[in-house]
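Here is the structure we will look at.
The values are calculated or read from the model by the stated rules, or taken from the named source; none is laboratory data. These numbers come from a predicted model, not from an experiment. A quick note on method: Cβ atoms are made from the backbone with ideal geometry, for glycine too, and the neighbour counts reach across all protein chains shown.
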């Protein structure tokens with residue numbers, strides 16, 4: 001079960017049906033985009049940093065993260081912007 005402060009980041013989803021392993025991309029992206037400090041601290045305890053970095057690299061520049069969040073998290077995780085996937089095609 002997800003904590004309430006995480007559910008706030010996933011207001012559009014039925015969080016009772018979400019699974020930490022299966023829905024990790026959606027959880028990570030939404031927390032990074034709109035999560036509080038409490039939510040991001042929780043996220044960093046739930047998922048290895050390499051998994052979070054991979055999600056940012058693969059999905060962040062495709063519109064899944066807003067520009068400010070993408071910039072902040074690439075700096076925090078030391079991701080070179082050249083490594084971001086910018087197109088699905």
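Residues that are outside any loop (DSSP other than H, G, I, E, B) and modelled with pLDDT of 95 or more were ranked within region 70-89; the one that is surrounded by the fewest Cβ atoms within 10 Å (Cβ to Cβ) is 75. Restricting attention to region 45-60, the residues being under 18 Å from residue 3 (Cβ atoms) and either surrounded by 13 or more Cβ atoms within 10 Å (Cβ to Cβ) or modelled with pLDDT under 95 (or both) number 3. Restricting 20, 43, 65 to those that are touching a helix residue (DSSP H, G or I) at 6+ places or on another chain (Cβ under 7 Å), over 16 Å from residue 85 (Cβ atoms) and assigned to a loop (DSSP other than H, G, I, E, B) reduces the list to 20. Just give me the residues in region 14-40 being over 16 Å from residue 68 (Cα atoms) and free of Cβ contacts under 8 Å to residues at least 24 places away in the same chain, in sequence order. Scanning region 14-40 gives 14, 15, 16, 17, 18, 19, 21, 22, 23, 26.
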